[in-house]
1. Quick one: count up the residues across region 69-84 that are buried (at least 19 other Cβ atoms within 10 Å of the Cβ), within 16 Å of the chain's Cα centre (by Cα) and in a strand (DSSP E or B).
2. Condition first: over 19 Å from residue 67 (Cα atoms), touching a Ser or Thr at 6+ places or on another chain (Cβ under 9 Å) and either in contact (Cβ under 8 Å) with a residue 60 or more places away in the chain or not small (Gly, Ala, Ser) (or both). Now tell me which residues in region 288-314 satisfy that.
3. Do any strands (runs of 3 or more DSSP E) lying entirely in region 119-204 carry at least 1 residues that are aromatic (Phe, Trp, Tyr), and which ones are they?
4. Among the candidates 154, 135, 193, single out the residue that is within 19 Å of residue 231 (Cα to Cα), hydrophobic (A, V, I, L, M, F, W, C) and surrounded by fewer than 20 Cβ atoms within 10 Å (Cβ to Cβ).
5. Starting from residues that are of a type in the set (Ser, Thr, Tyr) and touching a Cys at 6+ places or on another chain (Cβ under 7 Å), keep the ones in region 295-345 and report whichever is farthest from residue 73 (Cα to Cα).
6. Taking residue 284, is it without any contact (Cβ under 8 Å) to a residue 24 or more places away in the chain and not polar (S, T, N, Q)?
7. Determine whether region 183-193 contains at least one residue that is of a type outside the set (Lys, Arg), free of Cβ contacts under 8 Å to residues at least 40 places away in the same chain and under 30 Å from residue 291 (Cβ atoms).
8. Assuming residue 224 fulfils every condition listed in (1) in contact with a Lys or Arg (Cβ under 8 Å, 6 or more places away or on another chain); (2) at pLDDT 90 or above; (3) within 28 Å of residue 119 (Cβ to Cβ); (4) of a type outside the set (A, V, I, L, M) apart from one, which condition is it?
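The values are calculated or read from the model by the stated rules, or taken from the named source; none is laboratory data. A quick note: this is a predicted structure, and the numbers were derived from the prediction, not measured. So basically every Cβ, Gly included, is an ideal-geometry build from the backbone, and we count neighbours across all protein chains shown.
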Amino acid sequence: MLAASVTACGVILGLDEPILDNTIGDGQAGDSSGGDAGTDSPSQNDASGDGSVGAPTQLFNARVWRFAMDDASVYYTEIFDEVVGRIGKDGTGQVALANGQTAAGIYPEAIALDDTNVFWSSTQGIHECAKAGCANTSIDIIDDYSPGNYGPGAIGVDATKIYFVNYNENTQVSSILTVPKGVADAGVSTLVAEGHICANIDTMVLYGTYLYYTCMDGPVGRVTTTTGTVQVLSAAGAPMGADKFVSNGTSLYYGEFIDQATIYQMPIVADAGSNPLVLMQSYPNGIDIDPLYLYWVDVGVTLDNGDGTLNRCALSQCSTSTVKLVGSIDVPDEVMVDDTTIFYSSYGNGDTPNTGIWSLPKPP
């Protein structure tokens, strides 16, 4: 099930170059309105004050839909080209692990990793390939394009199983199903049946033994992978729509996918309220965290190519430390960080040269 952000952005146009914001590093809060950070090219926008962060680097150009990372590489899905690929974090060694409908499935979407394999969902089912490559012959764990049977969305993997959101087109209701890893045409089991969770699960992420989820119309909750017990976390009055979210183990951080949105922090406890951290964001999308900072991308108020931004704030004082690191991004979708680098994807459209995966050194 495609996220609402792509439906909204599917026909947008524009060719703006991404640019680096001069405010980062000078001790001032950046503009969080979602507008452009400047007019120069990335190489001309070095940070000032306490050191330069350099310019964003395009690892490759493609209409990337989702990506995941391990220590060395970035793995990604290209939804319209029907490719699942891998590239080194330094931009070298790009390879298509699964290329075309036969290997990648129809519209490859969500992606997840374990130590040795890559897993992804498509309109056609659930698929698996070794990280090292599978000679363009993936394992079709589920291979069923029959309407009303399987509509896989978000996925997560543990030591033995794949968990996936299933959207039934006939009933228009979601469930959470499981299949064993590494088995072609595997038997499907139900973890949470239709009617026992919200009708439209928007996003699901596996943390430990819990599948955390958000719903298109609320709420935010989690499911135990052992018993399938559903626990609603957000209080009745908490903001509902959370297109993407991230956890640091004690809290969830998310933003509503709307104009003039707020980034929230919600403790992982029953009946939790959501605390506003950053105001006036324009369609926040991907989000990630490290021990000190929260990072997110905004699509921009016009939902147009060239209006997106990459942002961060200090967890200890988000309201006063928010800065825009990169502006003029062509429809940013995901952001992930490691110890030294920020990676983000730009979805754009078929006419822009500024899509794909980009990297940026973390600012001081």
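1. Looking only at that region, the number is 6.
2. If the condition is that a residue be over 19 Å from residue 67 (Cα atoms), touching a Ser or Thr at 6+ places or on another chain (Cβ under 9 Å) and either in contact (Cβ under 8 Å) with a residue 60 or more places away in the chain or not small (Gly, Ala, Ser) (or both), then 292, 293, 300, 301, 302, 303, 305, 306, 307, 312, 313 are the ones that fit.
3. On the way: elements: 125-130, 139-143, 152-157, 161-168, 173-180, 189-192.
So the answer is 161-168.
4. The conditions single out 193.
5. First pass over region 295-345, keeping only residues of a type in the set (Ser, Thr, Tyr): 295, 302, 309, 316, 319-322, 328, 340-341, 344-345.
If we keep only those that are touching a Cys at 6+ places or on another chain (Cβ under 7 Å) as well, we get 321-322.
Working: 321: 31, 322: 29 Å.
The selected residue is 321.
6. no
7. The first filter runs over region 183-193 and keeps only residues of a type outside the set (Lys, Arg), leaving 183-193.
If we keep only those that are free of Cβ contacts under 8 Å to residues at least 40 places away in the same chain too, we end up with 187, 189-193.
Imposing the further condition that a residue be under 30 Å from residue 291 (Cβ atoms) reduces the set to none.
No: region 183-193 contains no residue that is of a type outside the set (Lys, Arg), free of Cβ contacts under 8 Å to residues at least 40 places away in the same chain and under 30 Å from residue 291 (Cβ atoms).
8. All conditions pass for residue 224, except number (1).
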